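The values are calculated or read from the model by the stated rules, or taken from the named source; none is laboratory data. These numbers were taken from a predicted model, which means no experiment stands behind them. Don't worry about glycine lacking a Cβ; one is built from the backbone with ideal geometry, like all the others, and counts go over all protein chains shown. We work out accessible area using only protein heavy atoms, side chains counted, and drop any ligands, DNA or RNA first. Shrake-Rupley method; radii C 1.70, N 1.55, O 1.52, S 1.80 Å.
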Amino acid sequence: MIPAREPTIRSWLIWLTAIACLPPLGLNVLVPLDTALREALQLSAFQAQAAIALYVLGLAMGQPLAGLGADRWGRRRTLLTGLFIGLCGSAMAAAATNATLLLVGRCLTGLGLSVVLVVPRATLRDLCSGAPLQRGMAIISVAFAFTPAVAPVLGWWLLAHGGGWRVALGVVPLLVALGGAVALGRHVETRPAGTTLPGWDTLPALWRHRTPRWVAIGFAAISSVFFLLIAQGPAALRESVGLDGREIAWVLGGTYLGFLVGSLWAMRQSRRTGALTLCHVGGALAALGAVMIATCVWWPSTPAWIVGMLVYSTGHGLIFPSALSVVMQALPARAGMAAAFTGMLQMAVGAVVSGGAALLPGSATQRTASVAVLMVGAGALALLAAHRGART
């Protein structure tokens, strides 16, 4: 274990939180570009949603590779390799002239940026454990609150005033290149000498731990609603309450601030409340938010959408760092693969839900509401199974 002085941990957290902004930026900046991309590249509705689903799928597929690389070859080398792949993919997407180049570029971007979902968590686990780790995870997850709130508004502004969708998507490779340059000079290797050099047997080993397994499943199910709202939310808001692109960007961005509230709540409670307990509280809030969203099928209103998404995102923000803390401490010598295990499930379920929801019958509002209730309900049941596992 690397000795950790508080100033050193603080400086590391600033850097790790900064690069943690990259994956949600690449995801959410696309939200207001839906119509522009369809018109410019002649995309079908399914292809437009596939640009989101394939990005999330890339994040899911890349995380086991990133975890394996982080534990076997080191945090620094894995981070730099992933950022280079993400740079190539995001540049391809911004320069795309047809649907194929856009979709391949988006998948490659997710694949490369998956390292940023693994390496910061593994690095933090190298530096601390227990309550400090739980608190650090909450601080890093604040990036997932600010970025989804800002990115849709930024994308809409660049689309309207900055030169079109290519300029909006071009922000991603620009910031990835900046992150790579800083990582090249700033991110020193932290992997402890005693870290297990894992094979793929790490994933079944984690799966055999009952409580972390059910926490990871519950977290993935509840978190999938976040991706559902990104993919289906704009169409549902336009259909049910008649919002335009600018209003949708502000509504989605503003309600994601609930994630910030949940993350700060988890951070403040990290020294007093166990991570598993915080997972249960977050799951209950997410369920309440999903039910409120479901009421918009019968009584559509902008306040109901905003409050429902705000309550859901608060619960999501609370469970996000707490679930990671539970799973990563199950096999501390394999922190990279533990982070990858959790993130892989989260992104894989999110990709299936966000892409598959478009194929269901009914209106966008009906699809959003029914899938949200179904996935949050499944997540709550998984968290109950985790609680029983912890007591036995």
In whole percent, how big is the carbon plus sulfur part of the accessible area of the chain, probe 1.4 Å, protein atoms only? 69
Report the Rg/Rh value for segment 198-308, based on alpha-carbon coordinates and the Kirkwood definition of Rh. 1.07
Per residue, how many Å² of accessible area does the chain show with a 1.4 Å probe? 37
Which distance in nm do the two modelled labels at TRP250 and SER11 give, with both placed 7 Å along the Cα-to-Cβ direction? 4.2
If I build a Gaussian network model for the chain, linking alpha-carbon pairs within less than 10 angstrom, which residue out of VAL142, VAL241, VAL297 has the largest mean-square fluctuation? VAL241
When N counts the residues of segment 1-109, how does its alpha-carbon radius of gyration compare numerically with 2.2 N^0.38 Å, as a ratio? 1.28
Defining a contact as two alpha carbons under 8 Å apart and six or more residues distant in sequence, what relative contact order in percent does segment 258-370 show? 33
Ranked highest first by average number of other Cβ atoms within 10 Å, how do 119-127, 282-290 line up? 119-127, 282-290
FRET efficiency (ALA385, ASN98; Cβ distance; R0 35 Å; to 0.05) is 0.15
